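Undergrad: I have a structure I would like to understand better, so I am pasting it below and will then ask my questions one at a time.
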Amino acid sequence: MIRKMKSKKLKRWGTICVAALTAGALLCSCGSQQFVAKNKIHVGVTYYNQSDTFLNELLECFVEDLKDSGKDAVETTVTIRDAAGSQRTQNDQVKELIDAGCDVLCVNLVDRADPSEIIDLARECDVPIVFFNREPVAEDLLQWDKLYYVGADAEQSGILQGELASDLIKQDGSTDRNGDGKIQYVILEGEAGHQDAIIRTENAVETMKNNGVELEKLSYQIANWNRAQAQNRMQQMIGQYGDGIELVLANNDDMALGAVDAYEKSELSEEDYPVFFGIDGTDVGVQAVADGAFAGTVYNDKEGQAEAMAELAVVLATGDGLQNLEFERGKYIYLPYEKITRENVSTFFKAAVPGE
């Protein structure tokens with residue numbers, strides 16, 4: 001009887017030891033964020049691909065805003081990782097960032113429909129997440145109360161692009177070069193099945209139709225937000241349609257620039273070029289409007305988004321001031337888009353901002 005009781009006690013003690021070791025390992029694997037002083041925070045960032053011009057500009061602003069976070073005596077450090085288009089790589093990066101002791105994560109998802117592993121890792125270690133630019137599915141953002149999103153409304157960007165195109169077509173009859181009363185157009189779309197790409201395209205086209213513009217779609221091509229891919233796709237369409245394309249709608253500035261590149265390498269004269277519209281208002285996109293290469297683009301407020309991300313990241317890391325921030329539906333911060341035309345383009349240059 002004594003031996004059996006000792007055996008039970010040993011088993012119980014072994015179970016307690018295993019549990020203690022497991023808990024200790026979990027605390028170690030989660031880094032030291034629970035014990036970080038409020039005057040020093042570490043922000044971990046992972047984004048889908050470093051080839052994205054808009055995101056690189058946004059993150060430059062974000063790093064600067066963190067330095068000037070507005071909270072006295074708060075020292076911030078930032079670690080940025082490029083997921084290179086792989087969700088598996090991004091999942092691993094999140095684990096590494098948590099293990100390194102990050103107090104808050106800023107995540108630009110590779111696959112907006114597949115954040116579950118990232119959310120589970122962060123929740124397990126109590127590390128808040130600010131998703132940005134690529135909006136997760138609404139149900140996923142409800143999985144935990146420390147998940148937030150900063151970005152812009154894709155529908156608005158499509159509407160504004162459609163309005164820009166409609167205004168130009170109505171003001172300048174030469175856009176309809178063949179004079180058939182219709183605008184022959186092509187689309188350069190972001191990723192296949194990507195929500196923002198689909199929404200931007202649909203709303204741009206619907207807005208033009210609602211404004212009385214007669215349209216004839218010749219083709220659309222997926223170019224994955226990439227300038228070089230867009231150039232390749234546009235060259236194929238030029239080969240098929242020649243000078244019959246009157247309008248190019250691109251889901252972002254990089255793809256619109258790729259389309260311009262394709263025409264510049266073609267044998268067509270400038271008189272046979274279509275009009276080009278982008279979205280994002282990147283530095284090169286703004287310059288393209290100023291130079292006359294684009295008829296217009298839609299400004300995606302990277303400065304505003306970066307500032308909101310930085311403020312939210314600091315608040316979540318320090319646990320101070322969340323009640324002072326304004327959210328939509330308790331979790332979302334959206335910054336509005338703006339139209340950029342040749343008439344107002346000068347106001348969007350960095351050089352036009354005092355002190356810069």
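Undergrad: Is one or more of the residues making up the range 201-216 assigned to a loop (DSSP other than H, G, I, E, B), of a type in the set (D, E) and touching a Phe, Trp or Tyr at 6+ places or on another chain (Cβ under 8 Å)?
TA: For the range 201-216, residues assigned to a loop (DSSP other than H, G, I, E, B), of a type in the set (D, E) and touching a Phe, Trp or Tyr at 6+ places or on another chain (Cβ under 8 Å): absent.
Undergrad: Hey, which of the helices (runs of 4 or more DSSP H) in the range 243-356, taking only ones fully inside, have at least 1 residues that are β-branched (V, I, T), more than 30 Å from K40 (Cβ to Cβ) and open to solvent by less than 30 Å² (accessible area, probe 1.4 Å)?
TA: 253-264, 283-291
Undergrad: Exactly one of these conditions fails for L66: (1) within 18 Å of the chain's Cα centre (by Cα); (2) closer than 30 Å to G278 by Cβ; (3) surrounded by 15 or more Cβ atoms within 10 Å (Cβ to Cβ). Give me its number.
TA: Single failed check for L66: (1).
Undergrad: Moving to a separate point now. Any residue that is surrounded by fewer than 19 Cβ atoms within 10 Å (Cβ to Cβ) and within 20 Å of A295 (Cα to Cα) - is there at least one of those in the range 224-231?
TA: no
Undergrad: Given (1) at pLDDT 95 or above; (2) farther than 15 Å from V45 by Cα, identify the lone condition not met by V94.
TA: All conditions pass for V94, except number (2).
Undergrad: What about D291, is it closer than 20 Å to A228 by Cα and at pLDDT 95 or above?
TA: Taking the combined requirement at face value, the residue does not satisfy it.
Undergrad: Is it the case that the range 93-105 has a residue that's open to solvent by 40 Å² or more (accessible area, probe 1.4 Å), more than 20 Å from G319 (Cα to Cα), part of a helix (DSSP H, G or I) and in contact with a Leu (Cβ under 7 Å, 6 or more places away or on another chain)?
TA: Yes - at least one qualifying residue is present in the range 93-105.
Undergrad: Of all residues in the range 112-126, which are modelled with pLDDT of 95 or more, assigned to a loop (DSSP other than H, G, I, E, B) and open to solvent by 50 Å² or more (accessible area, probe 1.4 Å)?
TA: Listed by number, the list holds a single entry, D126.
Undergrad: Related question: Any residue in the range 117-140 that is free of Cβ contacts under 8 Å to residues at least 24 places away in the same chain sitting within a Cβ distance under 8 Å of a residue that is open to solvent by 40 Å² or more (accessible area, probe 1.4 Å)? List the pairs, counting only those 6 or more apart or interchain.
TA: Pairs found: R123/Q143; R123/K146.
Undergrad: Please find, among G181, G162, the residue that is of a type outside the set (S, T, Y), outside any strand (DSSP E or B) and open to solvent by less than 10 Å² (accessible area, probe 1.4 Å).
TA: Just one listed residue meets the conditions, G162.
The values are calculated or read from the model by the stated rules, or taken from the named source; none is laboratory data. All figures in this text were calculated on a predicted structure; none of them were measured in a lab. Here the Cβ is made from the backbone with ideal geometry for all residues, glycine too, and neighbour counts use every protein chain on show. SASA here: full protein model, heavy atoms, side chains in, ligands and nucleic acids out. Shrake-Rupley method; radii C 1.70, N 1.55, O 1.52, S 1.80 Å.
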